[in-house]
1. Just to be sure, is residue 129 more than 13 Å from the ligand (Cβ to nearest atom), surrounded by 17 or more Cβ atoms within 10 Å (Cβ to Cβ) and among the β-branched types (Val, Ile, Thr)?
2. Count, please, the residues in the range 42-58 that happen to be surrounded by fewer than 16 Cβ atoms within 10 Å (Cβ to Cβ) and closer than 24 Å to residue 86 by Cβ.
3. So which of 94, 101, 89 is over 28 Å from residue 123 (Cα atoms), surrounded by 21 or more Cβ atoms within 10 Å (Cβ to Cβ) and more than 16 Å from the ligand (Cβ to nearest atom)?
4. If a residue has to be assigned to a helix (DSSP H, G or I) and within 20 Å of residue 6 (Cα to Cα) to count, how many in the range 115-139 make the cut?
5. Would you pick out the residues in the range 78-94 that are over 15 Å from residue 113 (Cα atoms) and among the hydroxyl-bearing types (Ser, Thr, Tyr)?
6. Pairs only if they're at least six apart or on different chains, beta carbon under 7 angstrom, first in the range 166-179 and within 16 Å of the ligand (Cβ to nearest atom), second part of a loop (DSSP other than H, G, I, E, B); list them, first residue then second.
7. What is the residue count in the range 84-114 for residues that are farther than 30 Å from residue 17 by Cα and not in a loop (DSSP other than H, G, I, E, B)?
8. Looking at 42, 53, can you tell me which residue is of a type in the set (S, T, N, Q) and at positive phi?
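The numbers here are math on the coordinates, done by the rules we state, and not lab data. Here the structure is a predicted model, which means the values were calculated and not measured. Glycine gets a Cβ as well: all are built from the backbone with ideal geometry, and neighbour counts include every protein chain shown.
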Amino acid sequence: MNFDEIVANRRSIRSYNPEKKVSKEQIFEIIKTAQEAPSWKNSQTGRYYVVMNDNKLKEVREALHPQNQIVTKDVNALIITTFVKNRSGFDKNGTPDNELGNGWGCYDLGLQNAYLCLKACQMGIDSIILGLRDADKLRDVLDIPETQEVVAVIALGYRNIDDVKMPPRKEISEIVKLYE
Ligand SMILES: Cc1cc2nc3c(=O)[nH]c(=O)nc-3n(C[C@H](O)[C@H](O)[C@H](O)COP(=O)(O)O)c2cc1C
């Protein structure tokens, strides 16, 4: 698949094949690509908690919105993504470089996660990013330190459905203001 095909094929998938499992090796390859994303002063503050164990998967699922629990019921891999606070967007003394503060850490993580989902897609693996989750519960279950902000959960697996349509996008004119 070329880049445009990967972009066109990546969709948020909400029904997974329980028979097809993602391997640890595949997940590490995907995260290695995510790491190649740019980050503020190369601070690389994104962190990944990869959950593949049945008991932990159950606990993580329980921290998701009920609808997201249904979406993820057949996946064998959930990745909880966090970033280390007060580094990306900050100087060495811990002073924010501008008004966005930790918004930059979230920005960097989002970039990494876009790479992650696109790399997974190139490998034939489907994904969905889940923002409706209980961060405190996830922190407890995975022992995530307070120095990190819990952001999204990403499910990886193989789709159980064909013909997934792209939800409509806005017109380019609605999102671009051109000065020429
Ligand atoms: C930050 C973020 C949070 C999201 N949270 C959820 C979620 O909690 N549950 C869900 O079903 N989809 C979630 N999505 C998926 C979006 O609904 C989806 O990306 C959007 O509808 C566009 O569809 P597409 O990804 O197939 O292009 C989230 C996506 C992003 C980027």
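1. It is false that residue 129 is more than 13 Å from the ligand (Cβ to nearest atom), surrounded by 17 or more Cβ atoms within 10 Å (Cβ to Cβ) and among the β-branched types (Val, Ile, Thr).
2. 1
3. Details: 94 fails: surrounded by 21 or more Cβ atoms within 10 Å (Cβ to Cβ); 101 fails: surrounded by 21 or more Cβ atoms within 10 Å (Cβ to Cβ).
From the options 94, 101, 89, the qualifying one is 89.
4. Our first condition is that a residue be assigned to a helix (DSSP H, G or I); within the range 115-139, this holds for 115-122, 135-139.
With within 20 Å of residue 6 (Cα to Cα) added as a condition, the list becomes 115-122.
Qualifying residue count for the region: 8.
5. 88
6. 166/11
7. As a first pass, look at the range 84-114 and keep what is farther than 30 Å from residue 17 by Cα: 84-108.
After this cut, where a residue has to be not in a loop (DSSP other than H, G, I, E, B) as well, the list is 84, 90, 96, 103-108.
Of the residues in the range 84-114, 9 are farther than 30 Å from residue 17 by Cα and not in a loop (DSSP other than H, G, I, E, B).
8. Numbers: 53 fails: at positive phi.
Result of the check over 42, 53: 42.
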